[in-house]
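Please read the structure below before turning to the comments.
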Amino acid sequence: MIRGVLVDLGRCMGCRSCQVACKAWNDNTNEITVCLGCYDNPPRFSADTWSLIRFDEVAEGDQLHWVFSKLQCMHCEHPGCVAACPVGALEKTPQGPVIYHDERCIGCRYCQVACPFHVPTFQWDRPVPFIRKCTFCADRVSQGIEPACVKACPTDALAFGEREELLVEARKRVLARPEKYVDHIYGEKEAGGTSWLYISPVPFEMLGFIAHGAVKMGFPTLGPERVDKFASVAMSVVPPWILAATATLSGLYWFTKRREKGLQARREAQARKDGQAGHEEEA
Amino acid sequence: MTTAQRRQLPIGTAILGVLILIGLIVAGYRYANGIGAISNLSDGRPWGLWISFDLYCGVALAAGGFVLAATVYLFHLKKYYPIIRSAILTAFLGYLLVVFALLVDLGQPWRIWHALIYWNLHSPLFEVAWCVMLYTAVLALEFSPAVFERLNLQIPIRIIRRIQIPLVVTGVVLSTMHQSSLGSMLLMMPDKLNRLWYTPILPILFLLSAISVGLAMTIVESSLSSRSFGHHVHLDILAGLGRAIPYVLGLYLVVKLGDVLIAGEIGLIFSQGVHSVLWLVEVLGGVVAPIILFSLPRVRQSPRALFWSAVIVVLGLVLNRFNVSWLSLAGRPGIGYAPHWMEFAITVGLLSGGIMVFMLANRYLSIAHHAPAESG
């Protein structure tokens, strides 16, 4: 069964325990950052920061929402990165986590380009670089233990469980308090669905990548199609194409060669005939 | 050769040598300090100049090799025999450029062979990797007789001649796969590539545009080498290539426009701001204009007009590949990208190396004036 996490933005108080727990569990070093005039610190993922809290003040009518969004890899049901990686360095495990195999990666960064959520990061400053992103604590999840961030959350804003059950729970919370939540479970359908799910007091469209003049991580507006839909069609056409193209080209070769030979034979015959005619005339 | 040409060459060679050296130094700096040290690439914009120019344009501009190989060996159009070797050399060098650029662009280039043992059949880039490896090998074999002739090795020449047709068929099939798979790669980004360009038939558009630029690139490269090395290419040959261009480009235009029309996206041509401008310049300037030019007998009778019209096709293709892999492919919103000067240094150094090898090959090997071999 696919595991997931339900992130309830209405319950998050922005304490960043999850962010710290992530660093601690994964042995990720701290970063030197600069103040951007907002609380986001750092505002974007890096090879050392796989999970972070984003801070927004969203005005709706006369209401002001303080929204804290925990962001990390969404762990898609049909991940673009997994389909894109030419050497299979990324893998969607049966339990849900999308994991990365250091030993396979060639550093082409197609996973980064193919990710609709702009999640994977690359070690730009290293001579031997790898891709880095949230692992959904696959080491813990495979043992049935919740991810480090979920463990650290003091307000139950993060709930770990079976994705299907979390969807039911999310719907229940939204229906129970329609005045508190917008009617949208982010991740239920986005890009074919993700293991991580969100409910929020403000529309996700208001939590885009650029807010308050800062460039952050955000919730892109995505359709329900998996991103590799057409690419997989194109790839499935390759084997028949190889056969068809080889047959067609060989056929054309044979055909034009035959025609060439035919033309040549006719030319020679014509030449002989002309020669004979010439002789007859002479005679 | 006149004395003026004699004097010119070493200066040009010296400049090329300096550019290659700068590229090598920058590459060395990159291996010691990481890609971030020499580029403006970032997590918000992981691909840049190297992928757009060296890979996307490099592969397309090498298309002359498979187009001419098919024309001469598979379709038996013997008229084009005199320029086949030059076209294959250009393609071979184009592919070597791609490989060398990847040695800089890949994070761990020493693992470039991993695609041989770790397979992901769902990845268009997996297909690309295999096509690059196999077709570069095919091109090396196709070009090898020029080297064997110089070394006077008869046995390898005979072997190559015997396997020539299967070799050419393999090369053409690989090329059609490779050209189209570069389009398939972009299919993975439905939410990032501007809708004016994103379409499920991108692989077909990539193949058609590659064939047309293969013809144009052959005209450009034959004209240049006939000027530089004093080979006289018959105008008739180049005009023949030029005559084919309106048909291929015309088909490309019909498919491209038809796709936009059927998708009901014709309105996007005017509503996408700078992207609309890019699309219009690409289609009107790079496709429609050359269709008209190459249809004019006056153009096809003048070497200069042929050359410049072919240059327009090449520039139009470069703009197309830049559009789909860079200018109209969204990165993280808010993250900008302009290439670092050292990114240019790598690309310029690689190009200089390619030109240098092309010049040396034309000087020491029989590229243009070789007697037609017995056809297979």
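I'd like the full set of residues that are farther than 19 Å from residue A:77 by Cα, among the aromatic types (Phe, Trp, Tyr) and outside any helix (DSSP H, G or I), limited to the range A:167-224.
Passing the criteria: A:181, A:209.
Give B:289, B:216 a once-over and let me know the one that is away from chain A (no Cβ under 14 Å) and free of Cβ contacts under 8 Å to residues at least 40 places away in the same chain.
On the way: B:216 fails: free of Cβ contacts under 8 Å to residues at least 40 places away in the same chain.
The match here is B:289.
Applying the selection to the range B:355-370, what residues are of a type outside the set (Ser, Thr, Tyr) and surrounded by fewer than 20 Cβ atoms within 10 Å (Cβ to Cβ)? Can you show your working first?
Here is the first cut: in the range B:355-370, the ones of a type outside the set (Ser, Thr, Tyr) are B:355-363, B:365, B:367-370.
Passing the criteria: B:355, B:356, B:357, B:359, B:360, B:362, B:363, B:365, B:368, B:369, B:370.
Taking the condition touching a Cys at 6+ places or on another chain (Cβ under 9 Å), β-branched (Val, Ile, Thr) and over 27 Å from residue A:228 (Cα atoms), does residue A:150 pass? It would help to see each step written out before you state the result.
Values: touching a Cys at 6+ places or on another chain (Cβ under 9 Å): yes; β-branched (Val, Ile, Thr): yes; over 27 Å from residue A:228 (Cα atoms): yes.
When the stated conditions are applied, residue A:150 passes them.
Could we say that residue A:201 is more than 8 Å from chain B (Cβ to nearest Cβ) and touching a Gly at 6+ places or on another chain (Cβ under 7 Å) here? Talk me through it step by step, then tell me what you get.
Values: more than 8 Å from chain B (Cβ to nearest Cβ): yes; touching a Gly at 6+ places or on another chain (Cβ under 7 Å): yes.
For residue A:201, the condition - more than 8 Å from chain B (Cβ to nearest Cβ) and touching a Gly at 6+ places or on another chain (Cβ under 7 Å) - is met.
Which residue out of A:170, A:231, A:191, A:159 is touching a Lys or Arg at 6+ places or on another chain (Cβ under 8 Å), of a type in the set (Gly, Ala, Ser) and touching a residue at least 12 places away in the same chain (Cβ under 8 Å)?
Working: A:170 fails: touching a Lys or Arg at 6+ places or on another chain (Cβ under 8 Å); A:231 fails: touching a Lys or Arg at 6+ places or on another chain (Cβ under 8 Å); A:159 fails: touching a Lys or Arg at 6+ places or on another chain (Cβ under 8 Å).
From the options A:170, A:231, A:191, A:159, the qualifying one is A:191.
What number goes with the only condition from (1) within 14 Å of chain A (Cβ to nearest Cβ); (2) more than 30 Å from residue A:246 (Cα to Cα); (3) buried (at least 23 other Cβ atoms within 10 Å of the Cβ); (4) not aromatic (Phe, Trp, Tyr) that residue B:54 does not pass?
(2)
Being closer than 20 Å to residue B:115 by Cβ and not aliphatic (A, V, I, L, M) narrows it down to one of A:126, A:132, A:104, A:44, so name that one. Break it down stepwise before answering.
Values: A:126 fails: closer than 20 Å to residue B:115 by Cβ; A:132 fails: closer than 20 Å to residue B:115 by Cβ; A:44 fails: closer than 20 Å to residue B:115 by Cβ.
Going through A:126, A:132, A:104, A:44 in turn, the sole match is A:104.
Could you check, for the range B:143-154, whether at least one of its residues is closer than 24 Å to residue B:57 by Cα, more than 9 Å from chain A (Cβ to nearest Cβ) and under 24 Å from the mean Cα position of the chain (by Cα)? Break it down into steps so the answer makes sense when it comes.
So the first thing to find is which residues in the range B:143-154 are closer than 24 Å to residue B:57 by Cα, and the list is B:143.
This time we only want the ones that are more than 9 Å from chain A (Cβ to nearest Cβ), so: B:143.
Of the ones still in play, those that are also under 24 Å from the mean Cα position of the chain (by Cα) are B:143.
Within the range B:143-154, one or more residues are closer than 24 Å to residue B:57 by Cα, more than 9 Å from chain A (Cβ to nearest Cβ) and under 24 Å from the mean Cα position of the chain (by Cα).
Name the helices (runs of 4 or more DSSP H) wholly within the range B:116-218 that hold at least 1 residues that are small (Gly, Ala, Ser) and within 21 Å of residue B:65 (Cα to Cα)? Spell out the reasoning first.
On the way: elements: B:124-151, B:154-162, B:164-187.
Correct list: B:124-151, B:164-187.
Has the range A:64-82 got at least one residue that is of a type in the set (Phe, Trp, Tyr), part of a strand (DSSP E or B) and assigned by TED's automatic domain parsing to the domain that holds residue A:179? So that I can check it myself, show each step before the final result.
Step one: filter the range A:64-82 for residues of a type in the set (Phe, Trp, Tyr), giving A:66, A:68.
Those left that are additionally part of a strand (DSSP E or B): A:66, A:68.
Those left that are additionally assigned by TED's automatic domain parsing to the domain that holds residue A:179: A:66, A:68.
The answer is yes; a qualifying residue exists.
Does the range B:63-81 include one or more residues that are on the phi > 0 side of the Ramachandran plot, within 14 Å of chain A (Cβ to nearest Cβ) and more than 23 Å from the chain's Cα centre (by Cα)?
First pass over the range B:63-81, keeping only residues on the phi > 0 side of the Ramachandran plot: B:76.
From what's left, within 14 Å of chain A (Cβ to nearest Cβ): B:76.
Restricting the remaining residues to those that are more than 23 Å from the chain's Cα centre (by Cα) gives B:76.
There is at least one residue in the range B:63-81 that is on the phi > 0 side of the Ramachandran plot, within 14 Å of chain A (Cβ to nearest Cβ) and more than 23 Å from the chain's Cα centre (by Cα).
Consider the range A:86-103. How many of its residues are touching a strand residue (DSSP E or B) at 6+ places or on another chain (Cβ under 9 Å) and either on the phi > 0 side of the Ramachandran plot or at the interface with another protein chain (Cβ under 7 Å from one of its Cβ atoms) (or both)?
Count: 1.
The values are calculated or read from the model by the stated rules, or taken from the named source; none is laboratory data. If you're wondering where the values come from, they're calculated on a predicted model, not measured in any experiment. Neighbour counts are summed over all protein chains in view; Cβ atoms, including those assigned to glycine, are modelled from backbone coordinates with ideal geometry.
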